[in-house]
Amino acid sequence: MALDPALADRIAASVERGFADQVAHIQALVRFGSVRGAEHAIQDHVFRCLRDRGYAMERVRMDHAAIAAHPGGGRIAPDHSDAPIVVAFHRPRQETGRSLILQAHVDVVPPGPLDLWAHPPFDPVIRGDWLYGRGAADMKAGHAANLFALDALARIGLQPAATVTVQSVVEEESTGNGALMAHLHGYRADAVLIPEPEDEKLVRANTGVLWFTVEVRGTPVHVREMGAGANAIDAAYRVIGALRELEDLWNARKAGRRHFEGEAHPINLNVGRIEGGDWASSVPAWCRIACRIAIYPGVAAADAAREIEAAVADFARTDPFLAKTPPLVAFNGFFSEGYELDEGSEAEAVLATAHKRATGTHLRSFMSPSYLDTRVHALYDRVPALCYGPISENIHGFDERVSLASVKRITTAMALFVAEWCGTEPLARA
């Protein structure tokens with residue numbers, strides 16, 4: 001049933017009344033430097049915030065064996081987070097609406113050199129419409145929106161008339177195993193909404209992602225006899241050249257893929273880290289590069305991994321040094337397939353209506369050439385998985401920032417979506 005216009009106006013006004021508290025909540029989240037492996041404190045904070053609102057609570061630990069057995073499980077390296085997933089449950093007095101999962105991640109990427117930030121990365125400064133800080137956009141603003149969309153209903157004496165599960169996960173930036181672990185634990189709903197910073201658009205298609213390393217061994221000698229050795233760092237650069245050729249090949253395969261063929265470069269290879277050598281005056285005996293590459297929806301991660309291994313091996317056989325000392329390829333993080341969001345679902349229609357009411361514009365969709373946790377729900381739960389969130393700039397870069405006006409708009413849209421998708425009933429008083 002369509003949402004009553006008078007109720008929609010009351011919900012929008014409630015979001016407005018609570019927005020100062022919402023901004024303060026985002027700032028509190030940003031102050032936690034929740035890089036990979038350091039998310040315990042913020043998850044404790046999230047647990048308390050949800051528990052204090054009266055939700056039933058649960059903490060879920062990573063089950064490495066279960067993750068490893070799943071085809072969508074990311075490779076578990078020593079630096080894999082052991083922080084718990086925090087889950088809250090709203091259960092109605094009478095289940096008359098459709099159930100929903102609201103999900104967000106608390107982990108953030110490293111800030112990089114601090115002197116390149118205008119403000120300290122975990123100091124949530126507001127300048128004009130922009131809230132700055134590492135994770136402010138990706139995705140602590142969306143994390144807060146999940147909570148405050150529900151708060152907006154409670155403020156006017158209403159609650160969802162269906163089960164709503166709020167999931168706060170980790171490992172989104174490195175394996176996707178937090179969302180997968182929630183799936184493996186058994187949480188399900190009729191639809192999922194994840195408010196990543198998507199410029200007030202809906203993600204229609206999303207690439208899969210692989211993380212891998214390539215290690216090259218060289219022959220160390222003193223630099224005065226450099227010609228007698230083999231420089232592992234130089235050899236690694238030659239391997240990168242071969243990987244760039246594979247990247248070009250995969251980009252050429254965009255033909256016929258309707259969400260990708262119009263993009264100039266949908267498949268991106270990133271050499272994100274390089275380390276090697278032991279001494280400036282010694283020809284380096286080793287070099288290791290850490291890479292990330294995207295894959296199209298429908299391409300199995302295992303198949304793409306085999307193609308990467310073959311590309312490196314084929315090139316090595318043509319290289320005078322590498323033919324004798326083949327590089328070693330290992331997969332160490334994301335090992336995920338992409339997805340496409342089917343058009344025409346009722347969940348999307350409800351979100352489109354909510355978005356139009358909140359913003360005055362029609363909901364647009366686009367392809368995101370990145371990893372998103374919605375892949376878990378789209379591929380394995382087979383339910384509408386909606387990724388939609390605020391306008392932002394510089395995510396994963398310096399001076400990351402999110403538009404507060406946009407956060408208010410998308411929170412309003414989310415609250416309207418919850419009210420129509422789940423239905424409403426009078427708030428249960430403790």
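The values are calculated or read from the model by the stated rules, or taken from the named source; none is laboratory data. Since we're looking at a predicted model, the values are computed, not measured. Reconstructed Cβ throughout: ideal geometry from the backbone, glycine too, with neighbour counts over all protein chains shown. Surface accessibility is based on the protein's heavy atoms, side chains included, excluding ligands, DNA and RNA. Shrake-Rupley method; radii C 1.70, N 1.55, O 1.52, S 1.80 Å.
Results for (1) in contact (Cβ under 8 Å) with a residue 24 or more places away in the chain; (2) of a type in the set (F, W, Y); (3) open to solvent by 20 Å² or more (accessible area, probe 1.4 Å); (4) on the phi > 0 side of the Ramachandran plot, shown as yes or no for each residue.
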residue	(1), (2), (3), (4)
R17	yes, no, yes, no
A20	no, no, yes, no
A24	no, no, yes, no
Q27	yes, no, yes, no
G33	yes, no, yes, no
F47	yes, yes, yes, no
L50	yes, no, no, no
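Among the numbered conditions (1) touching a Pro at 6+ places or on another chain (Cβ under 7 Å); (2) of a type in the set (A, V, I, L, M); (3) at pLDDT below 95, tell me where M414 comes up short.
Every condition holds for M414 apart from (3).
Say we look at the stretch 360-379 and pick out the residues that are among the hydroxyl-bearing types (S, T, Y) and open to solvent by 30 Å² or more (accessible area, probe 1.4 Å); which of these is modelled with the lowest pLDDT?
Going residue by residue through the stretch 360-379, those that are among the hydroxyl-bearing types (S, T, Y) are 361, 365, 368, 370-371, 374.
Then drop every residue that is not open to solvent by 30 Å² or more (accessible area, probe 1.4 Å), which leaves 361, 365, 370.
Values: T361: 98, S365: 96, S370: 91.
If we take residues in the stretch 360-379 being among the hydroxyl-bearing types (S, T, Y) and open to solvent by 30 Å² or more (accessible area, probe 1.4 Å), then S370 is modelled with the lowest pLDDT.
Got a number for residues in the stretch 132-168 being under 16 Å from the mean Cα position of the chain (by Cα) and of a type in the set (D, E, K, R)?
Of the residues in the stretch 132-168, 3 are under 16 Å from the mean Cα position of the chain (by Cα) and of a type in the set (D, E, K, R).
Restricting attention to the stretch 397-413, does a residue exist that is over 17 Å from A347 (Cα atoms) and β-branched (V, I, T)?
Filtering the stretch 397-413 down to residues over 17 Å from A347 (Cα atoms) leaves 397-409.
Now restrict to residues that are β-branched (V, I, T): 402, 407.
The answer is yes; a qualifying residue exists.
Checking I76 against (1) more than 30 Å from I295 (Cβ to Cβ); (2) of a type in the set (A, V, I, L, M, F, W, C); (3) open to solvent by 50 Å² or more (accessible area, probe 1.4 Å): exactly one of these is not met. Which one?
(1)
Identify all residues within the stretch 241-272 that are open to solvent by 30 Å² or more (accessible area, probe 1.4 Å), farther than 21 Å from V203 by Cβ, under 23 Å from the mean Cα position of the chain (by Cα) and of a type outside the set (A, V, I, L, M); write none if there are none.
The answer is G272, and nothing else.
In the stretch 199-208, how many residues are in a loop (DSSP other than H, G, I, E, B) and crowded, with 23+ Cβ neighbours inside 10 Å? Let's see the steps before the verdict.
The first filter runs over the stretch 199-208 and keeps only residues in a loop (DSSP other than H, G, I, E, B), leaving 199-201, 207.
Pick out the ones that are also crowded, with 23+ Cβ neighbours inside 10 Å and you get 207.
Final tally of qualifying residues: 1.
Any chance you could count how many residues in the stretch 380-396 are open to solvent by less than 30 Å² (accessible area, probe 1.4 Å) and within 20 Å of I293 (Cβ to Cβ)?
Number of matching residues: 0.
For (1) in contact with a Gly (Cβ under 6 Å, 6 or more places away or on another chain); (2) without any contact (Cβ under 8 Å) to a residue 24 or more places away in the chain; (3) not basic (K, R), each residue gets a yes or a no:
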| site | (1), (2), (3) |
| --- | --- |
| P120 | no, yes, yes |
| P124 | yes, no, yes |
| L131 | no, no, yes |
| D138 | no, no, yes |
| A141 | no, no, yes |
| A145 | no, no, yes |
| S174 | yes, no, yes |
| G178 | no, no, yes |
| H183 | no, no, yes |
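Only one of these conditions is not met by D342: (1) within 30 Å of G157 (Cα to Cα); (2) open to solvent by 10 Å² or more (accessible area, probe 1.4 Å); (3) touching a helix residue (DSSP H, G or I) at 6+ places or on another chain (Cβ under 9 Å). Which number is it?
Status for D342: all satisfied but (1).
Confirm whether R357 is more than 26 Å from the chain's Cα centre (by Cα) and of a type in the set (D, E, K, R).
Values: more than 26 Å from the chain's Cα centre (by Cα): yes; of a type in the set (D, E, K, R): yes.
Judged against the criteria, R357 is a match.
Find the residue count for the stretch 107-124, including only residues that are surrounded by fewer than 13 Cβ atoms within 10 Å (Cβ to Cβ) and under 17 Å from D79 (Cα atoms).
Here the count works out to 1.
So which residues in the stretch 144-182 are under 30 Å from I293 (Cα atoms) and open to solvent by 20 Å² or more (accessible area, probe 1.4 Å)?
E173
Name the single residue, out of those in the stretch 277-295 being open to solvent by 30 Å² or more (accessible area, probe 1.4 Å), without any contact (Cβ under 8 Å) to a residue 60 or more places away in the chain and touching a Pro at 6+ places or on another chain (Cβ under 9 Å), that is nearest to A236 (Cα to Cα).
Checking each candidate, the answer is D278.
I233 - would you say it is surrounded by 17 or more Cβ atoms within 10 Å (Cβ to Cβ), among the β-branched types (V, I, T) and under 26 Å from L341 (Cβ atoms)? It would help to see each step written out before you state the result.
Working: surrounded by 17 or more Cβ atoms within 10 Å (Cβ to Cβ): yes; among the β-branched types (V, I, T): yes; under 26 Å from L341 (Cβ atoms): no.
Here the answer is no, as I233 does not meet what is asked.
Within the stretch 398-407, can one find any residue that is without any contact (Cβ under 8 Å) to a residue 12 or more places away in the chain and surrounded by fewer than 16 Cβ atoms within 10 Å (Cβ to Cβ)? Before you say what the answer is, go through the steps one by one.
Initially, the stretch 398-407 is screened for residues without any contact (Cβ under 8 Å) to a residue 12 or more places away in the chain, giving none.
No, the conditions are met nowhere in the stretch 398-407.
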